[in-house]
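The values are calculated or read from the model by the stated rules, or taken from the named source; none is laboratory data. Since the model is a prediction, treat every value here as computed from it, not as a measurement. Ideal geometry is used to build each Cβ from the backbone, glycine not excepted, and the neighbour counts take in all protein chains shown.
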Amino acid sequence: MKQLLFILLLAIGSAFLNSGYSQGSKKAVDTVMIGEDSVVLFSDKSWEFIKMINFDGIMNAYLNSIALDLGWQEDWDNHVPYTYDNDLSSMEDTVWVCVVDDENNEFCMPHPGMVTSTFKYRGKRFHYGIDVDLETGDTLVAAFNGIVRYAQFNDGGFGNLVIIRHYNGLETYYAHLSELLVVPNQEVRAGDVIGLGGNTGKSYGDHLHFEVRIYGNALNPEEIIDFENKTLKKNNLLLYSDMFKHNSKSYKKSSSSSKSSSTNSNASVHVVTSGDSLYYIALKYGTTVDKLCKLNGIKSTDILHIGDKIKLK
């Protein structure tokens, strides 16, 4: 019966994902979407049906009511990372979100590495997440309980990307992975392995790019997580419009023009300021981490100190 279903599923059409998802010694070779559900096909010709869990009634009801009034959209899409249509900077109310269940308090650091870049402007572009140092092949885990919405290669710069939607409406993003170990619609718990760290997509070195979004709008992960102490900052989070102004088009346009005017493309030295990293400096001046390391006789893992002078040429 299983082999017959395997043949029928292959006849439906080619799958969109070639994942590294595994179950024991088996490895997934294909995934077929049936409506909102998934069927994972393994190398030994067995299969697993993954049913999509309905989020209705378990997501933040108050936030959903505001979203409805403002016309925000948050569809379950296995192919699109996020929408540009929602502007949470237009929120007039403060919205309360329960980050984790007070009793279970299920949270796990995706990776214990050092933060190399924060949530801020890097040159002309806003950096919508936190970069965490790692080596290719390092294990990455889910930060909170949830369901995988997206797990595939993204050609917009994320490389191999996993997106997990959580029951409070938040989504966490894990980018530049070398291998995906989950599939869309798979339920995961905090601490479950979701992939291996890497350097895929538009990346200047091995690292995890980690984002937190809600209705497609990026939220500073440091509002929730203490990356230095590897702990959760708070179980409850208040969302308000100013937290999302960096997402609005008018803010991006005015801020990026002022930032770009202050960047000297002919500079030969960069003086390190708070939050700078080699990744940020390389991106800002259109070079690479390797070149900066060779010029300055340093390693990519070296810690930069405020006031340090980094040669660019």
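Numbers for the structure displayed
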{"item": "Some residue of the range 271-282 being within 21 Å of TYR204 (Cα to Cα), assigned to a helix (DSSP H, G or I) and either at pLDDT below 75 or not assigned by TED's automatic domain parsing to the domain that holds LYS299 (or both)", "result": "yes"}
{"item": "Filter result (part of a helix (DSSP H, G or I) and closer than 21 Å to PHE126 by Cβ) within the range 283-305", "result": "LEU283, LYS284, TYR285, VAL289"}
{"item": "Any pair with Cβ under 7 angstrom, 6 or more apart, that starts in the range 81-97 at a residue that is closer than 29 Å to ALA151 by Cα and ends at one that is part of a loop (DSSP other than H, G, I, E, B) and among the hydrophobic types (A, V, I, L, M, F, W, C)", "result": "PRO81/PHE158; ASN86/TRP72"}
{"item": "Which listed residue is part of a loop (DSSP other than H, G, I, E, B) and at pLDDT 85 or above, from THR116, THR136", "result": "THR136"}
{"item": "Residue match in the range 192-202 (condition: hydrophobic (A, V, I, L, M, F, W, C), in contact with a helix residue (DSSP H, G or I) (Cβ under 8 Å, 6 or more places away or on another chain) and surrounded by fewer than 23 Cβ atoms within 10 Å (Cβ to Cβ))", "result": "no"}
{"item": "Any strands (runs of 3 or more DSSP E) falling wholly within the range 139-216 and containing at least 2 residues that are outside the structural domain of ASP302 (by TED's automatic domain parsing), hydroxyl-bearing (Ser, Thr, Tyr) and farther than 27 Å from ILE281 by Cα", "result": "none"}
